Amino acid sequence: AQSVTQLGSHVSVSEGALVLLRCNYSSSVPPYLFWYVQYPNQGLQLLLKYTSAATLVKGINGFEAEFKKSETSFHLTKPSAHMSDAAEYFCAVSSGGSNYKLTFGKGTLLTVNP
Amino acid sequence: DAGITQSPRHKVTETGTPVTLRCHQTENHRYMYWYRQDPGHGLRLIHYSYGVKDTDKGEVSDGYSVSRSKTEDFLLTLESATSSQTSVYFCAISERETGYAYEQYFGPGTRLTVT
């Protein structure tokens, strides 16, 4: 079985500050990991993915995430928040193989204050 | 953007009526999924399809059925809608290739209200 825990349902930062959104996963096999972003009234958009090629993954809009096996974590960061980053962010895990389903966390709403 | 459309985009219906939501893709992807999104629950998988006429249940499949008669279309039916099925429904697609990680691409969503 696989699962995802996103710590903090709501994170608030100031414009220009570091963004850190936390994701911990549980998987019985080496996982594939994803971060998605959802802007209001839109579908989910893939930000980045971890596929075991490199532990530090760079995505769109200046976001990156680091896979830490020892901590079973895949936290999302951005050095400097922009107003346009305000959205809901979802972490997801897949165990690959014949299991082609994703399991999503409950989401973290990011607010960026001017 | 992946070529995924959902129809209708908004629907209000009464309790006990049947409702069908449609997902259409132009990417020729093999896998298609239906999720529902509710506050505090993230996305939960309702049903998925791994090919034409090949479907299986997700974690919240009770009260829902699906059909896939063509690669490009995946239909979600609520046989008798209930207020607990008020939600935003998302369709997603993916394609398995060697070395790929099953990332999914999402449609714009359908907001369903059951009164």
Other residues with Cβ under 13 Å from the Cβ of B:Leu75 give, with Lys and Arg +1 and Asp and Glu -1, a net charge of +1
In this structure, the FRET efficiency calculated for A:Lys69 and B:Asp38 from their beta-carbon separation, with R0 = 25 Å, to the nearest 0.05, is 0.20
Partner chain coverage, peptide A:37-43 - average Cβ within 10 angstrom | 4
Neighbour net charge for A:Asp85 - beta-carbon separation under 14 angstrom, K R +1, D E -1 | -2
What shape does region A:5-45 take by its C-alpha gyration tensor, where a ≥ b ≥ c are the square roots of the eigenvalues and a/c under 1.5 counts as rounded, a/b above b/c as prolate, and the rest as oblate?
-> oblate
Computed lengthening from A:Thr55 to A:Thr5, 0.36 nm per intervening residue step minus Cα-Cα distance = 16.1 nm
So what's Rg/Rh here for chain B, counting alpha carbon atoms and using the Kirkwood radius for Rh?
-> 0.96
B:Arg22-B:Arg9 pseudo-label distance in nm [points 7 Å out on the Cα-to-Cβ vector] | 1.6
What is the spin-label model distance, in nm, from A:Leu20 to B:Val52 if the labels are put 7 Å beyond Cα along the C-beta direction?
-> 5.2
Compute the signed sum of charges (Lys and Arg +1, Asp and Glu -1) over the other residues within less than 13 Å, Cβ to Cβ, of A:Leu48.
-> 0
All lysines inside 23 Å of A:Lys49 as judged from Cα atoms, apart from same-chain residues fewer than 8 positions distant | A:Lys58, A:Lys68, A:Lys69, A:Lys78, A:Lys101, A:Lys106
Could you work out the mean count of beta carbons from other protein chains within 10 Å of each residue's beta carbon in A:48-54?
-> 2
Could you give the size of the charge dipole of chain A about its Cα centre, using +1 on the Cβ of each K and R and -1 on the Cβ of each D and E, expressed in debye and rounded to the nearest 20?
-> 280
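Values quoted throughout were computed directly from the atomic coordinates according to the rules given, and no laboratory measurement underlies them. Small disclaimer: the values here were computed from a predicted structure and weren't measured. Neighbour counts run over all protein chains shown; Cβ positions are idealised from the backbone, glycine included.
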